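Notes for the one structure printed next.
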Amino acid sequence: MIPNSSRKRQRPPPPHHHASAIVEAFPHRTISEPSQKLPRTSFSFNDPSTADVILRFFIDRSPFDSSNPSDSARHSDLQIYLHSRVISRAKYFSTLLSDRWQHQANNHNAGHDSRTIANCNNMFHLNLGVHDDPTVHLTVLQLLYTYDFPTVIASAATALEILPVALELLFEDCVKACVKFLEAVPWSEEEEKRVLSLIPLLREEESKELLARVSPGEDDFCEEMLHGLIEKAMYSQPNMAFVKVFVAKLLRDFSSRESARRVLERAFDANLRIVKESLEQYSSPDFRGDHNETEAIQRLHLHTAMTNGRHLLWLVERMIELKVADSAVKQWSEQAAFTVDLQKAFRDDAWRNIVPGLPAVMLRCTCKLASAVAAGTILSSRQVRMKLVKDWLPVLISCKDNVSPMLPSHKTLYLELEETFLRIISTLPMSDAQVLLQQCLSFSTRNVEDCPHLVTAFNTWFRRASQPPQMENLD
């Protein structure tokens, strides 16, 4: 959780911060980087001839750090020459060099050998502890002279290296430059983790844009995004098939199955409602208008049902794939009025030339859901299983009677759904199975050997019916 946004930048550390020691005679080891001109001033970075500040870096490591002693030796006692007027642009140095702070430092260190600041012959001697190589600190100090932020801060990695040091030294303009750069560029996953670790150190106005990129504003932000992607995949993309494949992968990889369930159920409900309303209006048309107008409206109803039926099939496949289709099965089993409208529509010849694939789409939805129930992928109650077969079995029979010519793909679909219904019937109490099996006689063919699934179902029922009541045996 991001801390409260009312945070403020910390003030500079007190004079004894880092437990640094001032050495009256510093070793004369200085950096040899070329001087850079300060804009609108005559001061140059690391110019001993005009400097009034000597800054000494030392390695400030924890006793638990597993560091290489040679690294500490290499960077210890590194000193550079600076100018108080320039480095005061950073509030850390501005405060440290103020008269009040120097007075407090002298009082505090009256009986101690350890000091962070000393004033010798109008030359300020400062110590600054660093945890590692002071290269980044040197870069920030040079920026105090040049203010050439666009040249130096040219990548997210560089901005993330400089920002903590700028925050430490309270170099506000540098902080703003780093934050502004990070707001505008992409991050790698590792860089994003570093940004998140630095956000608590920023003020509210500084972190606002960074937080907006990584922190959702609402609890259901992900669900709204997924729902929007599903809507786009179904309605707004020219290459719909490719987009659906991509969105299906996103749903599979999404971390919260419950969120995916809610999003899919929401889309399923909406599409099922559209299909039902379209078929209801088609089956009960309003003939009060012009004949041609009525016919056009009827065509529109069928096209709407067909389009949303395809979307419904895709949603059913996704729900079964993610094992979140139990609610869809229950809803599908409660469509008595809808199945009546379908049968009425299929008895009409108009759909054949307008949406010849509509029966197959509706039966594929039914077959997908029923197969998941029969396989145990979806565990449904006895009532749901019975109603699923009872309401949709007449639709299957109506399609077989009215859809011609029967394509090979249709024949395979019908046979698969017949076998699935019979398997579900075998899970029901014998009284329910007796009623439903009698409706399945239309599955029979001229050659009895061509319908073994029907033979097996009746043989199973008669075998069970012939057995003595088990309750009597228990007595």
Problem - Whole-Hz couplings from phi, Karplus 6.51/-1.76/1.60, listed for the stretch 149-162; x for Gly and Pro - result: 5, x, 6, 6, 8, 10, 8, 4, 4, 5, 4, 6, 6, 7
Handout entry: Cut-off 13 Å between beta-carbons: net charge of the residues surrounding P429, Lys and Arg +1, Asp and Glu -1
Key = +2
Problem - Only Lys, Arg (+1) and Asp, Glu (-1) charged, at Cβ; the stretch 220-394 dipole about Cα centre in debye - result: 720 debye
Exercise for the section: Multiply the residue gap between E321 and K193 by 0.36 nm, knock off their C-alpha separation, and tell me the result in nm, one decimal place. Expected result: 42.8 nm
Exercise for the section: Would you please give the FRET efficiency between D349 and K232, computed as 1/(1 + (r/R0)^6) with r the Cβ-Cβ distance and R0 = 25 Å, to the nearest 0.05? Expected result: 0.10
Problem - trypsin sites (Lys or Arg not before Pro) lying in DSSP loop within the stretch 424-468, provided at most 15 other Cβ fall within 10 Å - result: R446
Handout entry: Equivalent ellipsoid semi-axes, the stretch 220-394, via Cα gyration tensor eigenvalues times 5, rooted, Å
Key = 29, 21, 13
Problem - Per-residue ³J(HN,Hα) for the stretch 410-422, Karplus 6.51 cos²θ - 1.76 cosθ + 1.60, θ = phi - 60°, Hz, x for Gly and Pro - result: 5, 4, 5, 5, 4, 5, 4, 5, 4, 4, 5, 4, 5
Problem - Descending Cα extents along the principal axes, the stretch 355-454, whole Å - result: 36, 30, 19
Handout entry: For the stretch 407-475, convex hull volume per residue from C-alpha positions, Å³
Key = 85 Å³
Handout entry: Entries in K91/K193; K276/K330; K91/K208 that, when Cα-Cα distance is taken, lie over 20 Å
Key = K91/K193; K91/K208
Exercise for the section: Provide the convex hull volume over Cα atoms per residue for the stretch 154-217, in Å³. Expected result: 79 Å³
Practice task
Multiply the residue separation of L441 and S49 by 0.36 nm, subtract the distance between their alpha-carbon atoms, and state the gained length in nm to one decimal.
Solution key: 130.3 nm
Problem - Per-pair calculated FRET efficiency, R0 = 41 Å: D148 and N239 via Cβ, rounded to 0.05 - result: 0.30
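Every number here is computed from the coordinates shown, using simple stated rules; none is lab data. Quick caveat, the model's predicted, so the values are computed rather than measured. Cβ sites come from the backbone with ideal geometry, for glycine too, and all protein chains shown count toward neighbours.
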